[in-house]
Amino acid sequence: MLDERDVRLVKLDSLRKAGMDPYAKTFERSHEIGEILSDFDTAVASEKPLSLVGRVMTIRVHGGVMFADLRDESGQIQIVLKEDTLADVFSLFRDNVDPGDFVEAHGVAFVTQRGERSLLVSSWCILTKALLPLPEKWHGLSDVEIRFRQRELDLIVNPEVRNRFVVRSRLVSAMRAFLDGSGFLEVETPVLQTLAGGAAARPFVTHHNALGLDLYLRIAPELFLKRLVIGGMEKVYEVARCFRNEGIDHSHNPEFTQIELYWAYAGKERFLAFIESMVGAMLTNAFGSTIIARENGALDFTGPWQRITFREAIKNATSIDIDEIKDVLALKMAAKAAKVKVDFKGLVGMGEHLDELYKKTARAKLAGPVWVLEYPVSMKPLAGRSPEDPEKSATAQLVVDGTEIINAYYYELNDPIDQRARFSEQEDLAKEGSQEAQPKDEEFLTALEHGMPPTSGMGMGIDRLVALLTSATSLKEVILFPTLRPKQED
């Protein structure tokens, strides 16, 4: 018994014998479906011959009349084929065209008795024969494993998935337009690096054969972008693919996209207001508003955003005042006394412990959008110190629905002596077993010693932002081809 693929191969052979070889035809589209639908009354009145192309989604045969839904990226239209006008090519379509095939249909626009906007076909040809069928329930593919592994099928049968990636594209496009219009220069920095710096994360390691050298896939573009600021590029940004060799869950993927930008002489209030305006422009372009409607409640990104300090956030959630905590042991005792359940196992240093306490208690309670300000210096080895409290960093993280979206340093660390000391502290943490301690980057320190102007910087996770705005339950929903374990064959 022939399987589906074999049956379709037989149909392909039949089409070729009838003089319709889908792979021997040159083609140029004349009309998009959406273009015709946008002014359909005019198309009907003109009786002008039209040529439409797309993928056949369904076929319905009723005696000598056949209906098929034809879809391209711009829209979907019904095509109608009649046996008394098409003769032999009617049966050729009926017997050899399947859902999933691509066809070109020529005819005139009309409206059926049921009010369906349609194309009455006068001739047709096949453009591509699909040898494998679409999922059985063409109107919805729900198997998550198949959806992520075969994203092409997901995009075909789930229009809402495609819409999610359209939103993503519009957000990034609007962000670029806003930055370009504000005098920023888009640049590219190395993905392969001799040191993995710029963030607290475990890197991927690879090897360059010709150089005989181990290299790292970048975890962040930060240090190279700062070197450009030192070189006189006072407004720079990069839409950067980054890689972190860490766990995979609903909010983490080993390969992800972020935007980092750096602006010399910006200053705190000017910089934070600029970010709020940029996000507002992105949302307006993608959604038409800075207020995003969702099933679990609207998000209002209209600036200025609420502010809270890191200390206040933890104190509100746990009653622990971190300003009264001087070491890791005292922090653990305070957490125990407050009956806060946080697993500190495997963490090294005060910064990692404070970060875990914050993530497991305070952050989840922040609805936002809210700026969380003044993280302890031990958590931010590349950030400048707060002028009000040198034990706090000049940082602001945007939290929305308990998720960190933006990490901003309104004063980057431009003191090379302090930066060298911070790198040394990170080296000590690495010796104690920290997997996220940052290595000392002598090339960056040398650049910093040539002088970096007062600078503000920001990183924003594109994947997380899109997931948040589109109510996606996992980052895999907003990454076209997320990282997956290879499928095990029987």
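FYI, it's all coordinate maths here, none of it is from the lab. Predicted model only: the values in this text are computed from it and were never measured. Heads up, the Cβs are rebuilt from the backbone with ideal geometry, glycines too, and the neighbour counts pull from every protein chain shown.
Key figures for this structure:
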{"read-out": "Test item: Cα-centred dipole of the stretch 128-200, Lys/Arg +1 and Asp/Glu -1 on Cβ, debye", "value": "200 debye"}
{"read-out": "T309 long-range amide H proximity, modeled H, under 5 Å", "value": "L373"}
{"read-out": "J(HN,Hα) series, the stretch 478-485, from Karplus relation 6.51 cos²θ - 1.76 cosθ + 1.60, nearest Hz, glycine and proline x", "value": "10, 10, 4, 10, x, 6, 9, 5"}
{"read-out": "Residue order, fewest to most beta carbons within 10 Å, for M20, M333, M57", "value": "M333, M57, M20"}
{"read-out": "Eligible lysines near K440 by straight Cα distance, threshold 21 Å, same-chain separation 8 or greater", "value": "K226, K380, K431"}
{"read-out": "Label-point gap, in nm, between R149 and F481 - each point 7 angstrom along Cα→Cβ", "value": "1.6 nm"}
{"read-out": "Antiparallel bridges, percent of DSSP beta bridges restricted to the stretch 4-134 (to nearest 5)", "value": "90 percent"}
{"read-out": "Long-range amide H partners of S393 with built H, under 5 Å", "value": "Y375, V377, S386"}
{"read-out": "Length-normalised contact order of the chain in % [C-alpha pairs under 8 Å, at least 6 apart]", "value": "12 percent"}
{"read-out": "Spatial separation of Cα centroids for the stretch 336-366 and the stretch 104-128, in angstrom", "value": "63 Å"}
{"read-out": "³J(HN,Hα) computed for each position of the stretch 299-307 - Karplus, 6.51 cos²θ - 1.76 cosθ + 1.60, integer Hz, glycine/proline x", "value": "10, 9, 9, 5, x, x, 7, 4, 10"}
{"read-out": "Nonlocal Lys pairs with alpha-carbon distance under 23 Å, the stretch 1-113 (8 or more apart, or different chains)", "value": "5"}
{"read-out": "Likely footprinting exposure, R29, R176, R147, R363, fewest C-beta neighbours within 10 Å first", "value": "R29, R176, R147, R363"}
{"read-out": "Separation of the T85 and R241 label points, Cα + 7 Å toward Cβ, nm", "value": "4.8 nm"}
{"read-out": "The stretch 4-134: C-alpha gyration tensor shape, a/c 1.5 cut-off, then a/b vs b/c", "value": "prolate"}
{"read-out": "Extension gain (nm, one decimal) between A337 and S14, 0.36 nm per residue minus Cα-Cα", "value": "108.4 nm"}
{"read-out": "Global geometry of the stretch 383-458, whether rounded, prolate or oblate, following the gyration tensor of its Cα atoms and the 1.5 cut on a/c", "value": "oblate"}
{"read-out": "Per-residue Cβ neighbour rank within 10 angstrom, fewest leading, R270, R71, R464, R485", "value": "R485, R270, R71, R464"}
{"read-out": "Residues of type aspartates and glutamates that K332 reaches as a straight line, Cα spacing below 12 Å, ignoring anything fewer than 8 places off in the same chain", "value": "D343, E356"}
{"read-out": "Computed FRET value (nearest 0.05) for E449 with T194, which takes r as the C-beta separation and R₀ as 25 Å", "value": "0.85"}
{"read-out": "The chain - mean residue ellipticity at 222 nm from DSSP helices (-39,500 (n - 2.57) per run, n ≥ 4, rounded to 500)", "value": "-10000 deg cm²/dmol"}
{"read-out": "Estimated vicinal HN-Hα couplings, Hz - the stretch 19-32 in sequence order (Karplus 6.51, -1.76, 1.60; Gly, Pro = x)", "value": "x, 10, 7, x, 9, 10, 9, 7, 8, 9, 5, 9, 9, 8"}
{"read-out": "Rounded D (µm²/s) - the chain, Kirkwood Rh over Cα pairs, Stokes-Einstein at 4 °C, 1.567 mPa s", "value": "49 µm²/s"}
{"read-out": "Sequence-distant lysines (8 or more away, or on other chains) whose Cα lies within less than 27 Å of K476", "value": "K137, K359, K360, K365, K487"}
